[in-house]
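For reference, the structure is listed below as structure tokens.
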Amino acid sequence: MKKFTWIALVLALSVALSACALPNSGEADGGGDAAVAVVPTTAPPAAEASGEQPTVAPVEAPTEAPAAESAPTSEPTAVPEASFNVTDALSHLDDFVLQPEDLPHSYRVPVGGESRYTNTTVVNEMGELPAKKYIVATGRVDGWRISLERARKADIAPARIESTMELFETNEGARLALTPEWFKAYQTGYSEAEITWIEDGCSIGDGCILYTHKLFNPASNLTTTTYEVAFVYRNVLVWVMGRGLDVEMSADYMIAAAQAVYDRISQFE
């Protein structure tokens with residue numbers, strides 16, 4: 001009986017020792033004491049102890065790409081007025097030119113003093129080649145001219161006044177006709193006397209020039225003075241000239257005559 005008790009005690013002790021030798025279920029198969037990393041879900045202890053919030057690096061907002069520079073814009077230009085209808089204007093050219101009633105003194109139209117100022121007339125005056133170049137370059141269509149004589153010799157006013165009206169296809173053609181390239185007063189040999197240009201002398205229509213020239217006659221000891229005004233309005237070119245003794249002439253008189261022509265044509269539709 002004692003021998004059986006002793007054997008049972010030895011077996012129990014062996015089982016106990018075997019159980020202690022088994023590996024811990026928390027250990028890796030390869031053995032060792034490898035620690036399991038734990039991700040903290042709270043602030044680090046130092047931050048908790050001080051009460052400070054953890055510093056987060058600011059995220060810079062993406063900067064917008066600079067806008068492309070827009071092309072420079074020019075100042076708005078005035079819209080030019082429409083040209084006169086050529087067909088309509090042709091039938092009114094004789095009404096457009098200076099009339100005796102436009103003047104403060106009495107004037108009359110001499111015999112043959114009023115007529116069409118055709119392209120053929122321009123060719124005869126300028127010469128065939130220069131005239132045809134002028135007509136082609138400017139688009140000249142037709143014209144009208146008039147001559148006026150002072151009715152009373154005692155009046156202190158120009159002894160003679162002439163005016164022409166030229167019609168062009170376009171506004172640009174009329175402006176070109178008044179440039180130094182084509183306008184008669186700029187051409188060599190236009191006047192026997194030297195021309196004096198009066199800067200800013202007039203402001204009629206879309207462009208205006210004023211000039212004068214004097215001619216002394218040693219035989220009579222008299223000086224003849226001429227004032228000329230030329231302006232463009234839409235697709236017409238107006239020229240007004242006054243000539244008389246020096247004492248009879250003034251720039252204002254001829255500017256007023258040109259203004260009267262402008263007032264009439266500016267009302268034509």
Exercise for the section: Kindly indicate which of V136, V122 is surrounded by 15 or more Cβ atoms within 10 Å (Cβ to Cβ) and free of Cβ contacts under 8 Å to residues at least 24 places away in the same chain. Expected result: V122
Problem - Only listed residue being in contact (Cβ under 8 Å) with a residue 24 or more places away in the chain and open to solvent by 50 Å² or more (accessible area, probe 1.4 Å), chosen from Y227, Y262 - result: Y262
Practice task
Test G189 against the criterion of being small (G, A, S), modelled with pLDDT under 95 and either in a loop (DSSP other than H, G, I, E, B) or more than 24 Å from G113 (Cα to Cα) (or both), and give yes or no.
Solution key: yes
Exercise for the section: Report yes if some residue within the range 196-214 is open to solvent by less than 40 Å² (accessible area, probe 1.4 Å), in a loop (DSSP other than H, G, I, E, B) and either acidic (D, E) or under 25 Å from T120 (Cα atoms) (or both); otherwise report no. Expected result: no
Completion exercise
Of the residues in the range 230-259, those that are without any contact (Cβ under 8 Å) to a residue 60 or more places away in the chain, under 23 Å from A154 (Cα atoms) and touching a strand residue (DSSP E or B) at 6+ places or on another chain (Cβ under 7 Å) come to D246, A251, I255
Handout entry: Given (1) modelled with pLDDT of 95 or more; (2) open to solvent by 80 Å² or more (accessible area, probe 1.4 Å), index of the condition G143 fails
Key = (2)
Exercise for the section: Write out, first by first residue and then by second, each pair whose Cβ atoms fall under 7 Å of each other, whose residues are 6+ apart or on separate chains, and whose first residue, in the range 142-170, is over 17 Å from D95 (Cβ atoms) and free of Cβ contacts under 8 Å to residues at least 12 places away in the same chain while the second is in a strand (DSSP E or B) and of a type in the set (S, T, Y). Expected result: none
Fill in the blank from the handout: For M165, the lone unmet condition from (1) open to solvent by less than 20 Å² (accessible area, probe 1.4 Å); (2) more than 30 Å from S106 (Cβ to Cβ) is (2)
Completion exercise
When N217 is run through (1) modelled with pLDDT of 95 or more; (2) over 29 Å from Q267 (Cβ atoms), the failure sits at (1)
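The values are calculated or read from the model by the stated rules, or taken from the named source; none is laboratory data. Since this is a predicted model, take the numbers as computed values, not measurements. Every residue, glycine among them, receives a Cβ derived from its backbone with ideal geometry; neighbour counts consider all protein chains shown. To get the accessible areas, we keep the full protein, side chains included, count just its heavy atoms, and leave off ligands, DNA and RNA. Shrake-Rupley method; radii C 1.70, N 1.55, O 1.52, S 1.80 Å.
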